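The values are calculated or read from the model by the stated rules, or taken from the named source; none is laboratory data. Quick caveat: nothing in here was measured; it's all calculated off a predicted structure. Note: ideal-geometry Cβ built from the backbone for every residue, glycine included; neighbour counts use all protein chains shown. For accessibility, only protein heavy atoms count, side chains too; no ligands or nucleic acids. Shrake-Rupley method; radii C 1.70, N 1.55, O 1.52, S 1.80 Å.
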Amino acid sequence: MLSHAPNPSADYLRIGRMPSVSWWVARRAIHIRVRSSNRSDGAGSSDPLRHLWHLDFQTSLNTSSTPVLAARDGFSACRWGVCFVDVAEDFIEVTTTPLPPVCSLASPTPPAPTRSLAHTPPPAVDPDTAALTETKNKEDCINIAKDITDVLNVIKDIMERGKDIKQNEILIKNVGKLESDLSIIRDKLLKIRNRKTKFHLTSDAEIIKECKEKIKDYRDMFNIKASVNIWQNTGELLQGQEDIRGDIKEMMASIAKTHDQSTITYDDLERVTPTVSPVFFGRDKLVAEGANHLVNNEQAFLAILGAGGIGKTSIALHINNVPEVKTKYARASYFLPCEVLPDAKSLLQGLIQRLGIDVGQGESQHKKLEDYFRINSHSILLILDNFETPQNNDPLGIENLLGKLASFIQISMIVTMRGLNGPGYVEWKTLGSDDSIPPLTPESAKKVFSAISGKQELNDNIQAILKKLDYVPLAITLIAKRARTVPVESLLRMWEQGKTSILVQGKEEGRLTSVNYSIELSKRLLKPHEAELLAVISFLPDGVPDWVTNLPVMLSGWKQLDESISTLLETSLVYSQNGTIKVLAPIREYINEASMNIQRGITQLESFYMSWLKQLSGTRQDMQEQIQPHILNMTKIFNEQANSLTETLDVDALYILTGFTKFYPLTLDSLNNILNKWPELDERDKVELRFKRLHMLRWLSMWQEAEAEAKGMEHSMKNDLESHARVLRDLGEMYRLQSKDTEAAEMLTRAKDQFEQIGDQLGTAQCLQTLGRIYQVQSRYTEAVEVLTRANNQFEQIGDQLGATECLQTLGTIYRMQNKYNEATEMLSRAKNHFEKIGEQQGTAQCLQNLGDIYQFQNKYTEAADMLTTAKDHFEQIGDQLGAAQCLRSLGMIQDSQGNHTQAVAMLSMAKDQFEKIEHPLEVAYCMYNLGVFYRKRGLYEDAKSAFTNGIFKFQSLGSAYYTGWCLYEYGLVFMDEIQYSEARRKFEEAIDAFASHGESQNEVEMCNEQLAYLDHQLDQAQDDS
């Protein structure tokens, strides 16, 4: 145990009530000067400054005894000290003084700070540049004091959380470093303060910036330590917390004096007053709403609220520029940039300067302002921009000043500020319908980007960047300025690597030139636990849906949760939209890049979502709709679990989430992460999850990846007959979807044989079912019906209602293709009803699609369009791109049948593009055929020939003789229309060969023969005429 020899001349006094001190700092002492009219020295003097109380706390590492207070006259060589003490209410000033060591500590000396405070004189600059830096020097000096207060508040918060002395050794060292650097910073700022030309020398800028960055380093460091929870909450808080908070404020009094602002000048205001930007899109309704309120009310108070960078200032300037507003206020509108007016006193000075009021020596500024408004009764508009600065710093003074201004009927006001409500007790009208300014629409964001960057063609990369920025105006403005010189591809990479750090203009940061700076203005107002909550919410891409209900459950036991979320809303760092708490993308990325440790919050979120998934109820559609608002949150949590190799992976919850096809594009990444990185998966779970991944890849038409995965599984599972047969079956299904019918039939036959070998009736029936679908596409209807009937019987024997219904649906489709519409309608209607009963959305949608096609062939276009539109909606809900594109193609054909050729071509082209995107060559070929028919009917013969040529090539490569025949037949009709009978005859003869090779197309062969007979008749007629 460390000990020291107390000074024998000191009178040690035990103090009755002392705070619970949870840590101490060796080799440091706090000298507290006490001013009190109730104290005097031994001689009876009433001079409050003569007596200096030196507090010396005596404690040790291994005891929890009550600290001892030593009172002495003068500065004595104390041995040990504590950083914060609970003293009388008349406490005035605290200074820290390092003392020489009396004994050595076991821990090593802390390393030197990362930034040196040694001053290097800056290079000389011209007077104009110096003037431009004056305002920033003032702002930075103000911010230094605020940052120091933030640091001390964080340290106090840490003290309140724990009392384990050993855990606080690192903290002790860091406090020692802080104390030393504060002393250096104080000396540097005092030198600046004591110069007659304070804040006007550009040489001060580097010193002030250096001090500011040093304090920011400490603030970030202690915030991280607070969030890591090194000092666990023991439930034992310090007594006298309010006294300590007062002590901290008093401690900053002497430093605060060094950055007191000089009198605000007109030039100070003008230097930070922005001009009306000509690049302004998507805000016309808001401007009109604001202007109408100002013009149509004798006295109007308009609050423009929202997050930093959302465009509040621009809207205010454009409202002020509306002709009707300019007429009403007849040049008596005054813009006050309140970021340089941090309290009521400076705001008053700003008003005096803007209004041009002369205040003589010793005259009251308040009285001069009131006299001005009594004399000038014309309408006056005050635009108070960034009003959160004075409002947060001096709420009572601001409330009083606003009340006085509002009492003059001729004064109207616009305030722009971050928050939920306008300031004071003035009755503000909030601009906009959502109580805050929303981001731009995607279309307006594109216009802003184009106007600033000069790029008229916006490719997918640019639109992706704009979306990632959540269409926030300031972020788009800054990224567009970079795009003037940086290629878009590089810009996207820069964003992925640097996030919001690239959203800056020039070297000097400001609220209009740096997104990070703008965000930090709001973030610095937060307490540590509020900043931690912001980081947790920022972790969630979807935010917190139904936050009033879910947030208290997600973060059960969170310190001051309701108060914290209220603060985040009031500072516009988060916003509420349709019951969801969200964070704008630039803020979210900035907070995430700060790397605050939020493992405590992530653990609670994991627990919430794993439990929530297992409690889902209702139909598949109901559950999907419940998951939709949370899907990005859940996939991120699963990715986090995979990346951190946490032991809390819940495989059952993962099975539930990966069971919804609509979310495959998102859940596939999570599944990949878990399979690739998670070493503790049970072998059976690993096999099933690999089959799940294979199904996802197939569903998403990622054919190369799917085939590679299946081949790997086939090799690794060759000793497991059941799993091996399943892989062969899935490969067969994959080849079928790619129209590789030969490979598909081979794989399915092998799989069927293996299933029969192990007695797996379900697997056998599934193989037969897929073989039947292959025969159906090949128009081998007899074989298809035979195989599907066998499959249906096996499904019914084992009680597989879904399989039996799918067979019924495919049989109905075959009847449709054979033009047996009554039988087809009866079967498809039965199948649809069965699918609806068991909640199978895909089967329901496919039946609706087939029924729509039947109505189309029967020329019942209204019923057909209704059915196909409903089917398309179902497909889109479950993420079935193939089904949705097929419906779009059929709707295009209906438009053509109704004579709407332009819409028909547009729909067919969209469908073709979608089929190409998902790499479905057969459907692409169908679209080429349909487009060729459309072009022929409109007399666009060259376009028709091109479409049929492409269609013939694709169908031949897929081995589809039937549809090759149809393309050749239509090609022949084109030549007939052009009266090129020789070419027409050649195409009809080729079509006959194609249909004949198919084996079941006798009707089509006769149709071609009829055209040949017509050609012969035409030739005979021509000869007779000649």
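What list of ³J(HN,Hα) couplings, whole Hz, do you get for the stretch 779-789 from phi and the Karplus terms 6.51, -1.76, 1.60, once you set θ to phi - 60° and write x for glycine and proline?
Values per residue, Gly and Pro as x: 6, 8, 5, 4, 5, 4, 4, 4, 5, 5, 5 Hz.
Could you size up the charge dipole of the stretch 662-795 around its Cα centre, putting +1 on the beta carbon of Lys and Arg and -1 on that of Asp and Glu, and report it in debye to the nearest 20?
Here the stretch 662-795 has a charge dipole of around 320 debye.
With a 1.4 Å probe and all protein chains kept in place, how do Ser453, Ser997 rank by accessible area, largest first?
Greatest to least solvent exposure: Ser997, Ser453.
So what are the ³J(HN,Hα) numbers for the stretch 662-669, from phi and the Karplus equation (6.51, -1.76, 1.60; θ = phi - 60°), rounded to whole Hz, Gly and Pro as x?
For the stretch 662-669, the Karplus-derived couplings read 4, 9, 3, x, 8, 6, 4, 4 Hz, x marking Gly and Pro.
Given the alpha-carbon gyration tensor of the stretch 844-900, what are the semi-axes of its equivalent ellipsoid in whole angstrom, ordered largest first, with each equal to the square root of 5 times an eigenvalue?
For the stretch 844-900, the semi-axes come out at 19, 11, 7 Å.
I need the chymotrypsin sites (Phe, Trp or Tyr not before Pro) found in the stretch 398-489, filtered to DSSP loop residues with at most 13 other beta carbons within 10 Å of theirs.
Loop-located and lightly packed - Tyr425.
For the stretch 932-1026, what class follows from the C-alpha gyration tensor (a ≥ b ≥ c being the square roots of its eigenvalues): rounded when a/c is under 1.5, otherwise prolate if a/b is larger than b/c, else oblate?
Oblate is the answer for the stretch 932-1026, as a/c is 1.5 or above yet b/c matches or exceeds a/b.
Between Val295 and Asn900, with labels modelled 7 Å along Cα→Cβ, what's the label distance in nm to one decimal, could you check?
About 4.1 nm separates the two model spin labels.
Can you tell me the order of 482-489, 545-552 when each peptide is scored by its average per-residue count of other Cβ atoms within 10 angstrom, highest first?
For the peptides 482-489, 545-552, the packing ranking is 545-552, 482-489.
About the Cα centre, and with charges only on the beta carbon of Lys, Arg (+1) and Asp, Glu (-1), how big is the dipole of the stretch 285-422? Nearest 20 debye, please.
Once rounded to the nearest 20, the dipole reads 280 debye.
If you project the alpha carbons of the stretch 259-365 onto their three principal axes, what span does each projection cover, largest first, in Å?
47, 31, 21
Assuming R0 = 41 Å, what is the FRET efficiency of Ile758 and Ser829, from their Cβ-Cβ distance, to the nearest 0.05?
After rounding, the FRET efficiency stands at 0.65.
Can you give the relative contact order of the stretch 918-988 as a percent, counting alpha carbon pairs under 8 Å and 6+ residues apart?
26 percent
Write down the Kirkwood hydrodynamic radius of the stretch 412-553, to one decimal in angstroms, obtained as one divided by the mean of 1/r over all alpha carbon pairs.
Computed over the stretch 412-553, the radius equals 17.5 Å.
To the nearest 20 Debye, how big is the dipole of the stretch 629-706 about its Cα centre, given +1 on the beta carbon of each Lys and Arg and -1 on that of each Asp and Glu?
400 debye
Once neighbouring chains are kept in place and the probe is 1.4 Å, which whole percent of the accessible area of the stretch 892-1022 is contributed by carbon and sulfur?
Its accessible area is 47 percent carbon and sulfur atoms.
For the stretch 744-880, what size does the Cα cloud have along each of its three principal axes, sorted from largest down, in whole Å?
51, 30, 24
For the stretch 554-711, take the convex hull of the Cα atoms, compute a quarter of its surface area, and give me that in nm², please.
Averaging across all directions leaves 11.3 nm² for the Cα convex hull.
Which three extents, in whole angstrom, do the alpha-carbon atoms of the stretch 712-806 cover along their principal axes, largest first?
Principal-axis extents of the Cα atoms in the stretch 712-806, largest first: 37, 31, 19 Å.
Under a 5 Å amide H to amide H cut-off, with H placed in plane at 1.01 Å, what residues pair with Tyr334 once short-range neighbours are removed?
Distant-sequence amide H within range of Tyr334: Leu381, Leu382, Ile383.
Sort the following peptides by mean Cβ neighbour count (other Cβ atoms within 10 Å, averaged over residues), highest first: 783-789, 370-376.
Listed from highest to lowest mean packing, they are 783-789, 370-376.
Give, in nm to one decimal, the length gained when the segment between Thr275 and Tyr941 is fully stretched (0.36 nm per residue of separation minus the Cα-Cα distance).
Additional length available on full extension: 233.9 nm.
Determine how large the accessible area of His695 is when every protein chain is in place; take a 1.4 Å probe and give Å² rounded to the nearest 10.
60 Å²
Once you order the gyration tensor axes a ≥ b ≥ c over the Cα atoms, which shape class does the stretch 941-996 get: rounded for a/c under 1.5, otherwise prolate or oblate by comparing a/b with b/c?
Because a/c hits 1.5 or more and a/b fails to exceed b/c, the stretch 941-996 counts as oblate.
Which of the peptides 290-300, 883-893, 628-638 is most tightly packed, and how do the rest follow, judged by the mean count of other Cβ atoms within 10 Å per residue?
Peptide ranking by packing, descending: 883-893, 628-638, 290-300.
For a test of the definition: using alpha carbon positions, the gyration tensor, and the 1.5 limit on a/c, classify the stretch 383-425 as rounded, prolate or oblate.
oblate
Go from 0 up to the bin containing the longest alpha carbon distance in the stretch 889-947, width 10 Å each, and give me the % of pairs per bin.
28, 55, 17, 0
If I stretch the segment between Asp682 and Asp993 completely, what's the gain in nm (0.36 nm per residue apart, minus their alpha carbon distance), one decimal?
That pair, Asp682 and Asp993, stretches by 106.2 nm at full extension.
Would you work out which of Leu931, Val974, Thr949 lies farthest towards the positive end of the dipole of the stretch 868-993, given +1 charges on the beta-carbon of Lys and Arg and -1 on that of Asp and Glu, about the Cα centre?
Of the candidates, Val974 comes out farthest on the positive side.
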